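The values are calculated or read from the model by the stated rules, or taken from the named source; none is laboratory data. Keep in mind it's a predicted model, so treat the numbers as computed, not measured. Neighbour counts run over all protein chains shown; Cβ positions are idealised from the backbone, glycine included.
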Amino acid sequence: MARALLRRRGALSSLLSAAAPTAPRLVPSLSSAAALAQLRSPLDERLLRLLRSEISYVADRRPPHQPPTSFRSFAVEDRPGEQWVRLRAARRGPGAGEEAIKIDATLFDGVAELPPDASLFNRVEALEQGPRLHLSLIVEVARADRVLGFICSAWPDNLTVRHVLTLRGAGAATDDRGARDFTYGLVLRRKLEPAEREAVKKFLQEREVDAELAEFLHDYVANKEKMEMLRWLKTVESFVEK
């Protein structure tokens, strides 16, 4: 509508200049961007100021850095706009087989809570250190037609296994208790005994799925959240400007 008005104004000015004995001095017409700016409501203008202030804060005061593309033997696949990240690695498994390791990590999805009976000292210490954030991992270790899956909790300084998933391929043996032996040196059951839990931990550590990986992912995800926030703010800014 604004552009139509501008075109009509230009046509009318041309007609007037042709009819007049001397061409009048015309004021330059406003650009379309300026015309659109005039059509914005005060609320839109205030929202734009707030958005630009927040973008400036994120970009200048705590800017995200270029994310790494690898960690140890893993290749890191960033997923712009997604709420997760993927890591892949390949290694020589037991015998002559090769293993493919895939890790899908969420963004931060929880925070550790203090117990209701926590002491005043522990509460003050928790406030000083900041929230203890949590993210979830799905780890898959595949070899030929056999896959082991692990659902893990990653804290800033440790990694724990919550569940073990078993996907039976052709030829995988199953005993009468539902346990499956995938020739990884582990016989997995629905509920792991302490010794088996320790074996699972060692199994993952040999594949570099450990506390060091958890620490890396926390740093990576913190940076990714900044990048996603900046991307989202710029998208909203572009929408409001139109």
(message) When you scan the range 86-95, do you find a residue that is within 17 Å of the chain's Cα centre (by Cα) and of a type outside the set (A, V, I, L, M, F, W, C), even just one?
(response) yes
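Matching residues to (1) modelled with pLDDT of 85 or more; (2) assigned by TED's automatic domain parsing to the domain that holds F108; (3) of a type in the set (A, V, I, L, M, F, W, C); (4) surrounded by fewer than 13 Cβ atoms within 10 Å (Cβ to Cβ):
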{"site": "R7", "(1), (2), (3), (4)": "no, no, no, yes"}
{"site": "A11", "(1), (2), (3), (4)": "no, no, yes, yes"}
{"site": "A18", "(1), (2), (3), (4)": "no, no, yes, yes"}
{"site": "P21", "(1), (2), (3), (4)": "no, no, no, yes"}
{"site": "I55", "(1), (2), (3), (4)": "no, no, yes, no"}
{"site": "D60", "(1), (2), (3), (4)": "no, no, no, yes"}
{"site": "H65", "(1), (2), (3), (4)": "yes, no, no, yes"}
{"site": "V85", "(1), (2), (3), (4)": "yes, yes, yes, no"}
{"site": "R88", "(1), (2), (3), (4)": "yes, yes, no, no"}
(message) Looking at the structure I just gave you, is A173 over 30 Å from Q83 (Cα atoms) and at pLDDT 85 or above?
(response) no
(message) With the requirement that a residue be among the β-branched types (V, I, T) and modelled with pLDDT of 90 or more, what does the range 201-242 give you?
(response) V209, V221
